[in-house]
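FYI, it's all coordinate maths here, none of it is from the lab. Since the model is a prediction, treat every value here as computed from it, not as a measurement. All Cβ positions, even for glycine, are placed from backbone atoms using ideal geometry, and neighbour counts span all protein chains on display.
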């Protein structure tokens, strides 16, 4: 039996996020309880991001993205959709659109980077949500939180 929801985020071991209509989410909650899944936490978000419910705005978003100038990156960008590096401007544009309606493979993206030599991550912004997710993926990886100008001043160059 299917709930009609999409897996929208694969965050870390033991944590996924689903998106769907309110009816589909209610059905998913029932199915999860039947499978003895105990930790079901509704997220307060403004939309069903990273799911097929975002498809009606794709054309408008593609148009919006076309107004921006993108440059070839100096280092690869790891796609959160494929968990693989992207380096071409067209691929970056496509990735931004795909993130609206495709599952975000955060865990796989972080694992790819760790397996390719990344030892330190920087979380920029308030809170430490990504810090917690990365620590659940690999406890040996260092994560630095940058939450304001005072933090930036304390950073030492690589």
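When you go through 41, 30, 37, 57 one by one, which is the residue that is over 20 Å from residue 130 (Cα atoms), free of Cβ contacts under 8 Å to residues at least 60 places away in the same chain and in a loop (DSSP other than H, G, I, E, B)?
Selected residue: 37, the only one of 41, 30, 37, 57 that is over 20 Å from residue 130 (Cα atoms), free of Cβ contacts under 8 Å to residues at least 60 places away in the same chain and in a loop (DSSP other than H, G, I, E, B).
Tell me, yes or no, whether segment 125-138 has at least one residue that is over 20 Å from residue 8 (Cα atoms) and part of a strand (DSSP E or B).
no
For residue 16, indicate whether it is closer than 17 Å to residue 106 by Cβ, free of Cβ contacts under 8 Å to residues at least 24 places away in the same chain and in contact with a strand residue (DSSP E or B) (Cβ under 8 Å, 6 or more places away or on another chain). Let's see the steps before the verdict.
On the way: closer than 17 Å to residue 106 by Cβ: yes; free of Cβ contacts under 8 Å to residues at least 24 places away in the same chain: yes; in contact with a strand residue (DSSP E or B) (Cβ under 8 Å, 6 or more places away or on another chain): yes.
So residue 16 passes the test.
Looking only at segment 95-111, filter to residues that are in contact with a strand residue (DSSP E or B) (Cβ under 6 Å, 6 or more places away or on another chain) and part of a loop (DSSP other than H, G, I, E, B); which one of those is nearest to residue 57 (Cα to Cα)?
103
Mind checking which residues of segment 75-100 are within 14 Å of residue 10 (Cα to Cα) and in contact (Cβ under 8 Å) with a residue 24 or more places away in the chain?
Matches in segment 75-100: 79, 80, 81, 83, 99.
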